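Please treat every number below as a calculation from the coordinates, not as lab data. Because the structure is predicted, anything quoted here is derived from the model rather than measured. Note that each Cβ is placed from the backbone with ideal geometry, even for glycine, and that neighbours are counted across all protein chains shown.
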Amino acid sequence: MKKTLRIHYFQHVPFEGLACIEEWIRQNNHQLSCTQFYLQETPPPLSEIDWLIVMGGPMGIYDDDRYPYLKAEKEYLKRAVAQNKTMLGICLGAQLLADVLGAAVNKGKHTEIGWFPIRKTEAGKSSGLIKLMPDEMPVFHWHGDQFEIPKNSVHLIESEACPNQAFLYNDNVLGLQFHFEATPESIHGMIEHVGDELVPDKFIQSDQEIRQQLSKCEQSNQVMFGLLDQLAYATN
């Protein structure tokens, strides 16, 4: 019998929610709760959750002065790691997890926005967690910062613009720099709110180029569902 998970997520801005992850949670009858930091909400006690999902946002992990909640959020994540909670960080969320695990987070050589291919590392090819992902596939990106791979973590995925795209720590803390969860609706929301970042560059696509490729969300979402299934299997 599958365990019903108490899944909590951190949301930093109104336009970056769970996207397709919410559908997976609903299909599997898990419990869902949320802390919306932009509404000055505070997280629940760690004893009340099984999984923590940390979503993205346009701020950086170092923007504590502008976003005072970031300091408390990092402390919460450190405690969650210590308590062996299953965690998934996406984009900013992955950078926050890398930071609390002691890895550097800094401005990347390239800003990467749009649909660009990722590929498995050799370690990624042998990871059951991402077994539904082909060795190479296009996914949606929207980031300027990047993380280094935390010590004692497995480096799973890379891309031309950003060599560190995913890591797995202790088999239950996963950081993804890109957006497997992206749906046409979530991408429209990003373009609407931070579309001023779409300036011509090698790894930045135009609004039109991004919207023309929204059908690629389907494959990404299938891989995300498989990844979540694997995490849930490990939790059980």
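The chymotrypsin sites (Phe, Trp or Tyr not before Pro) of the stretch 53-113 that meet both conditions, a loop assignment by DSSP and at most 15 other Cβ atoms within 10 Å of the site Cβ, are Tyr62. The protection proxy used here, the mean number of other Cβ atoms lying within 10 Å of each residue, ranks peptides 132-141, 180-189 as follows, highest first: 180-189, 132-141.
What fraction, in whole percent, of alpha-carbon pairs in the stretch 31-81 exceed 14 Å separation?
Values: 691 of 1275 pairs.
Result: 54 percent of Cα pairs exceed 14 Å.
Give the dimensionless ratio obtained when the Cα radius of gyration of the stretch 124-188 is divided by 2.2 N^0.38 Å. It would help to have the intermediate numbers written out before the result.
On the way: Rg = 12.2 Å, N = 65, 2.2 N^0.38 = 10.7 Å.
In units of the globular-protein estimate, the stretch 124-188 measures up at 1.13.
Starting from the stretch 182-223, pick out the trypsin sites (Lys or Arg not before Pro) whose DSSP state is loop and whose Cβ has at most 16 other Cβ atoms within 10 Å. Please report the intermediate quantities before stating the final value.
Working: sites: Lys202, Arg211, Lys216; in loops: Lys202.
Passing both the DSSP loop test and the Cβ count: Lys202.
The stretch 91-126 and the stretch 1-33 have Cα centres lying 22 Å from one another. Taking the chain as a Gaussian network of alpha-carbon nodes connected by springs under 10 Å, the highest mean-square fluctuation of the residues Leu46, Leu96, Leu174 belongs to Leu46. Mean separation of Cα pairs under 8 Å and 6 or more residues apart, divided by the residue count, gives the stretch 6-235 a relative contact order of 21 percent. Only DSSP H runs of four or more residues enter the estimate; each adds -39500 (n - 2.57), and after division by the residues of the chain the mean residue ellipticity at 222 nm equals -8500 deg cm²/dmol.
Can you pull out the trypsin sites (Lys or Arg not before Pro) in the stretch 77-173 whose DSSP state is coil and whose Cβ has at most 11 other Cβ atoms within 10 Å? Could the numbers behind the result be given before it?
Working: sites: Lys78, Arg79, Lys85, Lys107, Lys109, Arg119, Lys120, Lys125, Lys131, Lys151; in loops: Lys85, Lys131, Lys151.
Within the stretch 77-173, the qualifying trypsin sites (Lys or Arg not before Pro) (loop, at most 11 other Cβ atoms within 10 Å) are Lys151.
Rounded to the nearest 20, the size of the Cβ-charge dipole of the chain about its Cα centre is 780 debye, with Lys and Arg at +1 and Asp and Glu at -1.
Rank these for me by crowding, Leu52, Leu231, going from fewest to most other beta carbons within 10 Å. Numbers along the way, then the final one.
Numbers: Leu52 25, Leu231 19.
Going from least to most buried by this count: Leu231, Leu52.
Close lysine pairs were tallied over the chain: pairs 8 or more places apart or on different chains with Cα atoms under 24 Å apart number 29. The local environment of Phe225, defined by Cβ-Cβ distances under 14 Å, has a net charge of -3 under the rule Lys, Arg +1 and Asp, Glu -1.
Distance distribution note for the stretch 6-235: the fraction of Cα pairs above 25 angstrom is 34%.
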